[in-house]
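Note sheet for the following structure.
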Amino acid sequence: MSQARRGAVRKPRAEVKPKREVRWAYYSSVVLLIALLAALVSYGRQPLLEMVDRPVAKVAIEGEFRYLKKAALSHKVKPLIDRSFLQLQLASIKSELEAEPWVARVVLSRNWPDQLTVKVFEEVPIARWDDYGFLSANGEVVRAEDARELLKELPKLHGPEESSALVMSSFKRFNQLLSAYDLVVTELSANDRMSWQLTLDNGWLLELGRDQLVEKVQRMLAVYPETLKEKAAQIEAVDLRYENGFSVSWREPINELAVAPSQH
């Protein structure tokens, strides 16, 4: 009796496509897809732009306005809207608006589908500067024709423009010293030689000279409560340019009073 031969039966091998043919088919598909997308963009771009890019229908101006007028800002913005919604040159519009004296900063944003929002931040004036502008919060001189009228309640400062930061810091320091005696600086002036004058809210003119400014004011304040306060209405000016004292000029023709600091 013959035995059947045992063992695995080998199946015929499946035909394997060469790798080159697979890669070629893949790359061909990618190229075809890119070509189709390019054709779609080329033929569909204009209708798509026409659908989403429309004229600006509304300009919303936002901000807290004390010195600026919203209507004037709107009038300023209108001619700058010279393109459609997506084509607006926001950087150019921002630059134009920030050139306005009372504008500190502008933030622009597009709001779908056709609105431009203009957020305006005003300058914060610290004081008037001469008769042609004001001093901003960061110590810069800003020229504004209407500052004299709009800021008439603020103190007036004067000095070389390149020294504006020093003038502002000195103004703050003097006010800090004087406020303890219920006195306020209403005008401060430094000439080209940096010789200083102060005018106080009680009408006094203080001549400080060029050096030891704080020490001179402190010298006067040391005797103010007992010697000067009760005669404040009669005093016109106090000259502090002396080395160890000061002199007082009276509103009436009275002999000048020379005062030296008390010795302790």
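What the table shows:
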| read-out | value |
| --- | --- |
| Search result, residues across segment 166-182 that are open to solvent by less than 60 Å² (accessible area, probe 1.4 Å) and over 18 Å from LYS216 (Cβ atoms) | MET168 |
| Selection from segment 116-132 of residues that are outside any strand (DSSP E or B) and surrounded by 12 or more Cβ atoms within 10 Å (Cβ to Cβ) | GLU123, VAL124, PRO125, ILE126, ASP130, TYR132 |
| In segment 114-146, the residues that are among the hydrophobic types (A, V, I, L, M, F, W, C) and closer than 30 Å to SER84 by Cβ | LEU116, VAL118, VAL120, PHE121 |
| Leading residue by the ranking (nearest to the chain's Cα centre (by Cα)) among those in segment 105-115 that are at pLDDT below 95 and surrounded by 14 or more Cβ atoms within 10 Å (Cβ to Cβ) | ARG110 |
| Residue within segment 231-241 that is in a loop (DSSP other than H, G, I, E, B), modelled with pLDDT under 90 and open to solvent by 100 Å² or more (accessible area, probe 1.4 Å) present | no |
| Candidate set: segment 199-227, residues that are under 11 Å from LEU240 (Cα atoms) and assigned to a strand (DSSP E or B); chosen: the one most open to solvent (accessible area, probe 1.4 Å) | LEU205 |
| Checklist (1) open to solvent by less than 60 Å² (accessible area, probe 1.4 Å); (2) closer than 30 Å to PRO55 by Cα; (3) part of a loop (DSSP other than H, G, I, E, B) applied to GLU100, failing item | (1) |
| When residues of segment 142-159 are limited to those that are part of a loop (DSSP other than H, G, I, E, B) and open to solvent by 20 Å² or more (accessible area, probe 1.4 Å), the one nearest to VAL214 (Cα to Cα) | PRO155 |
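The values are calculated or read from the model by the stated rules, or taken from the named source; none is laboratory data. These numbers come from a predicted model, not from an experiment. Because the Cβ atoms are built from the backbone with ideal geometry, glycine has one as well, and the counts that use them run over all protein chains shown. Accessible surface is based on the protein model in full, side chains and every heavy atom, while ligands, DNA and RNA are left aside. Shrake-Rupley method; radii C 1.70, N 1.55, O 1.52, S 1.80 Å.
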